[in-house]
Amino acid sequence: METLTSFEAFKAAIQEPFVMIVAKTHGCNTCKMINAHLNATVKAFDDLKKYQIFVDDVDQFRGEHVVFSVPTVLIFSEGKEMLRESKFIDTNKINRLIDMAL
């Protein structure tokens, strides 16, 4: 999973056809577990681009996308937010959306 280090990189990444962004912080242990679980869950979807962004490094992302808690999973399609899951992440919901879209 590639790390986005600036808001400009984030804006460019979400213009792709189908993108999953995992917002987290450096000290979040839950984020590490969720990240590993998501990688295993969405591994079969080759067309899905996967990124992570550390909200403590990119404050503008946190403010403009109203991310108050981590982990937060955001799925975008061509710049439009399609799904947002925070804290208690329903991977089945994510998989259903990806199945429908791809």
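Both radii come from the Cα set of region 16-64: Rg as radius of gyration, Rh as Kirkwood radius; their ratio Rg/Rh reads 1.01.
Net charge around F7, counting only other residues with Cβ within less than 14 Å of its Cβ (Lys, Arg = +1; Asp, Glu = -1)? Result for the neighbourhood of F7: -3.
Within 11 Å, Cβ to Cβ, of K49, how many net charges do the neighbouring residues add up to if Lys/Arg are +1 and Asp/Glu are -1? Computed value for this residue: -3.
Loop-located chymotrypsin sites (Phe, Trp or Tyr not before Pro) in region 28-102 (DSSP state other than H, G, I, E, B) with a sparse environment of at most 12 neighbouring Cβ atoms within 10 Å: F68, F88. Per residue of the chain, the DSSP helices (runs of n ≥ 4 H) give a summed -39500 (n - 2.57) that works out to -10500 deg cm²/dmol at 222 nm.
For the chain, the Cα-based Rg and Dmax, in that order, read 12.3, 34 Å. Among beta bridges identified by DSSP and lying wholly in region 2-101, the antiparallel ones come to about 55 percent.
Each value in this text was obtained by applying a stated rule to the coordinates, not by laboratory testing. This one's a predicted model, so the numbers in the text were calculated from it and none came from an experiment. Glycine also receives a Cβ, built like all others from the backbone with ideal geometry; neighbour counts cover every protein chain displayed.
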